[in-house]
Structures are given as C-alpha cells and as structure tokens.
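Quick note: the coordinates plus some simple rules give every number you see, no bench work behind them. Quick caveat: nothing in here was measured; it's all calculated off a predicted structure. Glycine gets a Cβ as well: all are built from the backbone with ideal geometry, and neighbour counts include every protein chain shown.
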Amino acid sequence: MARAVNRTGPAAGRRSTSGSGRWAMLAVLCSSLLLVAMDATILNVALPALIDDLQPSAVQQLWIIDIYGLVLGGLLVTTGALSDRLGRRKLFLIGFVLFGVASVLAATAGSSTQLIAGRVLLGVGGAMVMPSTLSLIRNIFTDAHERALAIGIWAAVAGAGAAIGPLVGGLLVERYSWAAAFWVNVPVVVVTVAAGLWLLPEFKDAGEHPLDVLSAVLSVAGIVALAWGIKHVAKGSTAAADLAILSVGFGLLAWFAHRQLRLKDPLLDVRLFRYRPFSAAALVTLMAMLAAGAALFLVSLWLQYVHGYSPFEAGLRTLPTALAMLGSSLLTPTLMHRIGVRACMAIGLAGLVAGFTLLALAPQPTSYGYIAVFLVTLGFSDGLAVTTAASVLVSAVPAERAGQAGAVSETSYELGVGLGVALLGSVHAAAYAGQMAGAPTQAAESIGGAKEYAEHLPAAEAAGLMERARDAFDSALSTTSYVSIGIAAAVLVLVVWMVPGSFRTTGSGHYN
C-alpha cells in the first residue's frame, strides 16, 4: 500500500501540522462545512417567499428543494476518490470556490431555471468540499485521541449547520429576501479560501492511480437514481417511471460494487463493508440523519403552521437541537475512550427511541415544551451517534485513502437527511390525509394547503378548518413518531449484534 505524502505549496508550507496550527486548519475546514450543511436546510423556511417571487411550478419546486441533495449525495464517492488522487487541499479549495460562484448564481436568479442551475452547482461544490474536510482531518491529526476530538468538533459543526439553517434562513428572509440565504455564503467563501491557501497543507496518495471513469459514472447515476426512486415511491408513487428508476438505481449500484471487487485500484473499496463495525457505522449515520432530517422538517412546519410562528421565530425554536448536538459531539471522544464504540452508538440510538417515544405519547394538542425536550434529546443522540460513527469510518482506512472514508460518511449523512424527509415525511402526509378525510382536496393534501384554502372562506368556517388541520397534523406527528421508534429500535439491535463490546479504533488504518 502506498504511503501518503505531504506536498505543500509556497503558501501552505508556512504552517505545519504540529502545535496550534492543526486547530487553525480545523477552523478553516469547519467554516466551509458549516455553509454546506446549512444549505441543505436553509430553504425550508425560505421556500414560501421564493415561491411568491419566482412562481415556480410544482415540479420546479420539487427540483429546487431536492436537486442539491441529489447532486451532493451522488457525487460524494467520486469526489472522495478524486481527493485521494488529485490532492485534498486542491479539491477542497476548488470546490469551495465553485460553491461561492454557485451562491451568486442562485442569489441573482430571476427565474426558477437559473435557481435550479445554481442549486446544481452548489451540490457539485459541496460534494468536493465535504469528503475533503474529513479526509484532511484524518491526515492532519495523526494522534488518535486528538483526531477523535477533531471529528467531534467536525460532527458538531455539520449537525449544527443543518439545525441552524432554518434559523439563519428565517432571519435573512424576514429582514431582506430569499436571495440573502445565498448571498450570506459569499463573504465566508472568500475568507475561508484565503485562509485555506495560507494554512492548509496538501495531502494525496503518493502512487499513480488513474480514475476509473466507468466506476464514477455508475456511482453517480446509481446513487441519484436510487435516491430519486426511493423519494417518489415513498411518497406513494406507483408510476412505472419511478419504479423503473428505482430498479435502475439498484442495478447500477450492484454493477458498481461488482466492478470494484475486480479492480486493483477501486474507486471505493467495497470490501470495507465486510467489517461489521464499518457497516454498522455507515448504517448508524444514515439512521441518525434520517431521524434528524425528517424531525427538523416536520417540526419547522409544525411551528409555522400549527402555532403561527414567523420563519425566524420557528428557526429560533429549533435551536435546542443544535446546542445539544454541539455538546454531545464534544463529549463523545471522552465517552468512546471510557465506554467504547458499541456503547456510544447504542446510547445514541436508544436516545432516539426515547425521544420519539416522548413525541408519540405527548398529549394533543402538543405543546412546545414537549417539542423542546424532544429536540434536545434528538440533538444529543444524533451528535453522539454520528460522531462515533465518523470516528469508526475514518479509522477504517489508511491515511492515503482517507477520501474513501469521507465519501462513505458523507454519502450516508446526505442520503439520511434526504430520505428522512421523503420516507417519514410521506408517512406523516398519509396520516394527515387520513385524518382530513372528507375535507376539500387542497386542505387534505397538507396543512399549508389548508391554510391557503381557508383564506377564501368566511371567518368561522376558516377557523373550523384550521383547527381540524392542526389536530390532524398533531395526530400525524404521533403516528410518524411510532414509525421512527421502530426504525431506530431495529438499527439499535443490529448495532449491538454487529459491533463487539471490546471494539476500539486504532487510527492505523485497521481495526482492533
């Protein structure tokens, strides 16, 4: 196995990976990660204002929201491999510059088409940044205990970014416009790129490893098709096209896996998934972010439509998740050292079960007090589970192949967020529609539709319809929580079975 080399340019060479310089480098990486994570959720509260301005069709609305995650998730495996081959610093800086350019394109959009194009480029840039941040941490922090703390900070920033996206988006939309949700990226990009040129050293695989283009095409097309198919089928679609896309996604990924097993230098070493702790870590990341993505989406709707909070007020009330995630992510390295990997993962998943149980059993109409406790439990549990899983994934590979670990971690993360909204969001929509049986079609489709329909009714009828819609939303939230309990409990059982109690990560590219 070729060893990693540290190639530093004139600017990068002014700093080494020893002493306080490591933590300055981590700050640069985390500033970029914060923006990429925020962009996954920042439009949750900006969408109504955006719709009023650009008047996108229903299909265009779907693309505006979904295309970022689809592109980002689809490219992560390829960009992770590219970071190993071309250099992690180089790919990180190129990706973040592209992210800034895409932000300008989206912010100046005068049409839905331009905004969608901007979101596509944001996804491409984000896909170049995210695995590079985690792989650079793997190289910069050679001490296993320091690296665990660095990954804890990294996970806290990633989770906090997703959690505060609605808060920042709400503030910017209320004070300025939806375009401000993209303009805010630009100054951060400029400062971060300048700091990265000065501080970050270069790391890449010392060997010559040409990129297998067919593998790259298979991974991108397979992940995008799979995500698209699952999202639409989960929403109740039985259209032949959606079922065909889902089948194609499975087929392409099976072909991709088969091809990797035959290549001497695979794009992704799928043999890593033979290690049960590695597979468990990827599964835990997927599940934790599935729960967080769906919960934050539904709670944001609950705050705005059931309780009538403004976008900023709604975002402010989701802040407990970010704070709890920050605390648990920083605590995780110490817990891993004391009680082990399996216990940390199990406690995180058990916390999710407890949180969703509280939400399922909350009296209706549900008060914000119950939601606040749920959000704290969700944040703490997610932070613990995701940070532990990231440490396992990063420690699974040699330093020169850290991009592969970053790709698996980030793909699980992004797919979890996207599929959570699709799967659990669809369960909630179906339960809501069941409670609204007999209501006008628009009102039965969503609580937002009920609000729009009620605006054209006499006051008394509008109040009655909205009271029924709020009760239906609360009831559907309880139903969705029971489904989430089942999923989290099943993953908890699998983790206890797959990860030995004595398992530890060594940070040497293999497991003990």
Note to self: Output wanted: per-residue J couplings in Hz (rounded whole) for segment 122-128, from phi through Karplus 6.51 cos²θ - 1.76 cosθ + 1.60, θ = phi - 60°, x for Gly and Pro.
What the structure shows: 4, x, 5, x, x, 5, 6
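Could you give the length gained by full extension between ALA195 and SER367, i.e. 0.36 nm per residue of separation minus their alpha carbon distance, to one decimal place? Could you put the intermediate results ahead of the total?
Details: separation 172, 0.36 × 172 = 61.92 nm, distance 4.51 nm.
Separation in residues times 0.36 nm, less the Cα-Cα distance, equals 57.4 nm.
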Next item on the list: Please work out the C-alpha center-to-center distance from segment 315-336 to segment 382-440 and express it in whole Å.
Entry: 17 Å
Note to self: Quick one: 3J(HN,Hα) in Hz for segment 348-354, Karplus 6.51/-1.76/1.60 with θ = phi - 60°, rounded, Gly and Pro as x.
What the structure shows: x, 5, 4, x, 5, 4, 5
Notebook entry, point to check: Given R₀ = 25 Å, FRET efficiency for VAL270-VAL248 by Cβ-Cβ distance, to 0.05?
Noted result: 0.80
Check: In terms of modelled amide H atoms, which long-range or inter-chain residues lie less than 5 Å from the amide H of GLU202?
Finding: ARG7, THR8, GLY9
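For the chain, the longest stretch holding no GluC sites (Glu not before Pro) located in a DSSP loop with at most 10 other Cβ atoms within 10 Å is which?
On the way: sites that count: GLU208, GLU455.
So the longest stretch without any such site is 209-454.
What is the dipole size for the chain, taken about its Cα centre, with +1 at each Lys and Arg Cβ and -1 at each Asp and Glu Cβ, in debye to the nearest 20? If you can, show how the numbers build up before the last one.
On the way: 30 positive and 27 negative charges, 381 e Å.
That gives a dipole near 1840 debye.
Using just the alpha carbons, could you tell me how many Å³ per residue the convex hull of segment 253-354 encloses?
160 Å³
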Notebook entry, point to check: aspartates and glutamates within cross-link reach of LYS264: Cα-Cα under 17 Å, excluding same-chain residues under 8 positions apart?
Noted result: ASP84, ASP205, GLU208, ASP212, GLU400
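In what sequence, highest mean first, do 366-372, 379-385, 283-289, 490-496 appear when ranked by Cβ atoms within 10 angstrom?
By packing density, highest mean first, the sequence is 379-385, 283-289, 490-496, 366-372.
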Notebook entry, point to check: Computed over the Cα atoms, what is the radius of gyration of segment 31-127 divided by 2.2 N^0.38 Å, N being its residue count?
Noted result: 1.11
Next item on the list: Starting at the first residue of segment 49-57, write each ³J(HN,Hα) from the Karplus equation 6.51 cos²θ - 1.76 cosθ + 1.60 with θ = phi - 60°, in whole Hz, x for Gly and Pro.
Entry: 5, 5, 5, 4, 7, 8, 6, x, 6
Next item on the list: Note down the nm distance, to one decimal, between modelled labels 7 Å out along Cα→Cβ at ALA489 and at ARG468.
Entry: 3.4 nm
Checklist line | Per-selection Kirkwood Rh - segment 83-218 (Cα, Å, 1 d.p.) | finding: 16.7 Å
Next item on the list: Quickly work out the LEU330-to-GLU455 label distance, labels modelled 7 Å from Cα along the C-beta direction, and quote it in nm with one decimal.
Entry: 4.3 nm
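Taking only DSSP H segments of four or more residues, each worth -39500 (n - 2.57), what value at 222 nm results for the chain once the sum is divided by all its residues, to the nearest 500 deg cm²/dmol? Please report the intermediate quantities before stating the final value.
Numbers: 19 runs with 394 residues, N = 512.
Calculated from helices alone, the mean residue ellipticity at 222 nm is -26500 deg cm²/dmol.
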